[in-house]
Amino acid sequence: VVTDELHHDVDRLGLVGVVDVRPPGDAAATAAAADVVVSTAREDPFPLALLEAAASGTPVVAFDAGGFAAVLRGAGCDDQLLPVGDVLGMSEVVRGLLEDPADAARRGAALQDHVRRHHAPERVLPHLWNVITGAAS
């Protein structure tokens, strides 16, 4: 939930105009509006917010942990994966993407293409259905 404290912190840190605080809503639209999506999660089997970002063509930077690492690798975005806890390295990758919008767009498009080919609902749901119905037998 967006709070007054969050807006206060953004203002206090001089990040107005840099950080866009949005209310809860359409995750895909929010991800598509971002220049880069960053995940500092140390464990997440398969974060759907990152999948939404990738599907929108937004570059994603994450720690090399959890299920999304395989998505970034599959898209050829290995260098957008950082060792868990390497916040300085993460900030350098994000800065590089922000400073080179053409490269960020290329990486976002590669990630989007990979997600469409391997993680689109029409590709995943039949497999998921087979797993569910097999487990119920």
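The values are calculated or read from the model by the stated rules, or taken from the named source; none is laboratory data. Small disclaimer: the values here were computed from a predicted structure and weren't measured. Note: ideal-geometry Cβ built from the backbone for every residue, glycine included; neighbour counts use all protein chains shown. To get the accessible areas, we keep the full protein, side chains included, count just its heavy atoms, and leave off ligands, DNA and RNA. Shrake-Rupley method; radii C 1.70, N 1.55, O 1.52, S 1.80 Å.
Assorted remarks:
- GNM flexibility winner over the chain from LEU81, LEU125, LEU97 (Cα, springs under 10 Å): LEU125
- Among HIS119, HIS127, HIS7, the order of accessible area from largest down is HIS127, HIS7, HIS119, computed with a 1.4 Å probe on protein heavy atoms.
- In nm, spacing of pseudo-spin labels at VAL124 and ASP64 (7 Å Cα→C-beta vector): 2.4
- Cα shape, the range 58-127, gyration tensor, a/c 1.5 rule: oblate
- Across VAL36, VAL124, the residue with the most accessible area heads the list, and the full order at a 1.4 Å probe is VAL124, VAL36.
- Exposure of ASP100 as accessible area (Å², to 10), given a probe of 1.4 Å and all protein chains: 70
- Calculated FRET efficiency for the pair ARG95/ASP4, C-beta based, R₀ 30 Å, to 0.05: 0.55
- Accessible carbon and sulfur surface of the range 1-124 relative to its total accessible area, %, 1.4 Å: 55
- ALA34-VAL131 FRET efficiency (beta carbon distance; Förster radius 41 Å; 0.05 resolution): 0.80
- In terms of overall dimensions, the C-alpha atoms belonging to the chain reach 57, 32, 26 Å along their principal axes, ordered largest to smallest.
- Summed over the residues of the range 1-110 and divided among them, the accessible surface reaches 58 Å² per residue at a probe radius of 1.4 Å.
- The chain: DSSP helices with Cα axial extent of at least 15 Å and average Kyte-Doolittle hydropathy no lower than 0.5: 87-99
- Note on surface exposure: SER137, SER39 rank SER137, SER39 by accessible area, highest first, 1.4 Å probe.
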